[in-house]
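Contents: one structure, followed by commentary.
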Amino acid sequence: MSAQNPELSVCVLLYGSDDYCFRLAQRVVNSALQRLGTVTPDFRFGLNAVGDATRDYVQNVVYRHFPNALVVDCPENIHKYPMMRRLLYGRPLESALTMWFDDDSCIIDTTDVTAWLARVRQQMHAYAMLGSVYKERFVGNQVDWIKNQPWYNDKEPGAYTQFAAGGWWVIRTSVLLQFDWPPPELKHRGGDIMLGELLRQHNLQLGHFRDGVWINANEEGVESQSTRRGAAELPIGYDYEKVS
């Protein structure tokens, strides 16, 4: 595909002060990501309340390796999903696929990026979304929230749903655009779970894939063991009150 209509858009979110985020920025914006940048011209970086050292590092790397990248720099913490909306819709999203990285996720530096991307493409022929799949129970009033969403498709929610961990995933861009995902009211917690339920509501298949990536990983690469950061808020829908 041409630079004007790339096959893949890649979004990278960085958050927090230099004492933690700087080393994560170095890990996610690594040589593997830079090699991926030679394949697709559409990169989007969100800098959410980062420190000066992190900002300088990322902007230097972006200038050298991702010259056409969209960079959204917010001095204040606007939270994950408002930043996601800015990255997804800050310029037209015209790619077939969209890939997301939190800063505690990365392509493993030794990964053969060409072969890895070929596997991703092949899997996406069968699935609407790929990622490391978990399941989670709904809590509070989340079921009522689901039933009042514009994407609810009259499939009764179960006790839990499957979803791709929010730190890294790839999805058909058409799904994001069709459902205007993420919803504007979503701030920090629960978006990955609700996206999983949206897929289930519309019989869109979710595939388990975590080859060649660390996802929400600690310094040893152990998945879902990174330090928790961000707002200590209730997950989306927990305290939802139906309008009678």
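With respect to the stated conditions, residue 134 fails to be over 16 Å from residue 210 (Cβ atoms) and of a type outside the set (S, T, N, Q).
Here segment 135-169 is the region considered, the condition is being surrounded by fewer than 18 Cβ atoms within 10 Å (Cβ to Cβ) and among the hydroxyl-bearing types (Ser, Thr, Tyr), and the residue that is farthest from residue 192 (Cα to Cα) is 152. Here residue 226 fulfils each of the conditions (1) within 30 Å of residue 21 (Cα to Cα); (2) among the hydroxyl-bearing types (Ser, Thr, Tyr); (3) touching a strand residue (DSSP E or B) at 6+ places or on another chain (Cβ under 6 Å) apart from (3).
Search segment 189-200 for residues that are in contact (Cβ under 8 Å) with a residue 12 or more places away in the chain and β-branched (Val, Ile, Thr) and pair each with any residue that is surrounded by 20 or more Cβ atoms within 10 Å (Cβ to Cβ) and assigned to a helix (DSSP H, G or I) when their beta-carbon atoms are under 9 Å apart and the residues are at least 6 apart or on different chains. Cβ pairs passing all conditions: 193/142. The helices (runs of 4 or more DSSP H) located wholly in segment 1-89 that include 3 or more residues which are out of contact with any Asp or Glu (no Cβ under 6 Å at 6 or more places or on another chain), farther than 15 Å from residue 99 by Cα and hydrophobic (A, V, I, L, M, F, W, C) occupy 18-28, 52-65. Only one of the listed residues (189, 228) is basic (Lys, Arg), crowded, with 18+ Cβ neighbours inside 10 Å and under 23 Å from residue 137 (Cβ atoms). That residue is 189. Given the criterion modelled with pLDDT of 95 or more, within 23 Å of residue 96 (Cα to Cα) and surrounded by 13 or more Cβ atoms within 10 Å (Cβ to Cβ), identify the matching residue among 201, 205. Testing whether each residue is modelled with pLDDT of 95 or more, within 23 Å of residue 96 (Cα to Cα) and surrounded by 13 or more Cβ atoms within 10 Å (Cβ to Cβ) leaves just 201. Only one entry in 39, 28, 62 is at pLDDT 95 or above and of a type outside the set (Ser, Thr, Tyr), namely 28.
Consider residue 174 carefully, then state whether it is among the polar types (S, T, N, Q) and within 22 Å of residue 116 (Cβ to Cβ).
On the way: among the polar types (S, T, N, Q): yes; within 22 Å of residue 116 (Cβ to Cβ): no.
The answer is no for residue 174.
Out of 63, 57, I need the residue that is over 19 Å from the mean Cα position of the chain (by Cα), buried (at least 18 other Cβ atoms within 10 Å of the Cβ) and either over 26 Å from residue 192 (Cα atoms) or not polar (S, T, N, Q) (or both). Which one? So the residue among 63, 57 that is over 19 Å from the mean Cα position of the chain (by Cα), buried (at least 18 other Cβ atoms within 10 Å of the Cβ) and either over 26 Å from residue 192 (Cα atoms) or not polar (S, T, N, Q) (or both) is 57.
Just wondering, is there one or more residues in segment 102-109 that are within 17 Å of residue 42 (Cβ to Cβ) and not in a strand (DSSP E or B)? Checked against the condition, which is being within 17 Å of residue 42 (Cβ to Cβ) and not in a strand (DSSP E or B), segment 102-109 yields no hits at all.
Residue by residue, here is whether (1) over 25 Å from residue 114 (Cα atoms); (2) touching a helix residue (DSSP H, G or I) at 6+ places or on another chain (Cβ under 7 Å); (3) among the charged types (D, E, K, R) holds:
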site	(1), (2), (3)
30	no, no, no
36	no, yes, no
40	no, no, no
44	no, yes, yes
48	yes, yes, no
54	yes, yes, no
58	no, yes, no
63	no, no, no
67	no, no, no
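Any chance you could count how many residues in segment 142-169 are farther than 19 Å from residue 127 by Cβ, modelled with pLDDT of 95 or more and either part of a loop (DSSP other than H, G, I, E, B) or hydrophobic (A, V, I, L, M, F, W, C) (or both)? Counting residues in segment 142-169 that are farther than 19 Å from residue 127 by Cβ, modelled with pLDDT of 95 or more and either part of a loop (DSSP other than H, G, I, E, B) or hydrophobic (A, V, I, L, M, F, W, C) (or both) gives 10.
The values are calculated or read from the model by the stated rules, or taken from the named source; none is laboratory data. Treat the numbers as computed from the prediction; the structure is a model and nothing was measured. Note that each Cβ is placed from the backbone with ideal geometry, even for glycine, and that neighbours are counted across all protein chains shown.
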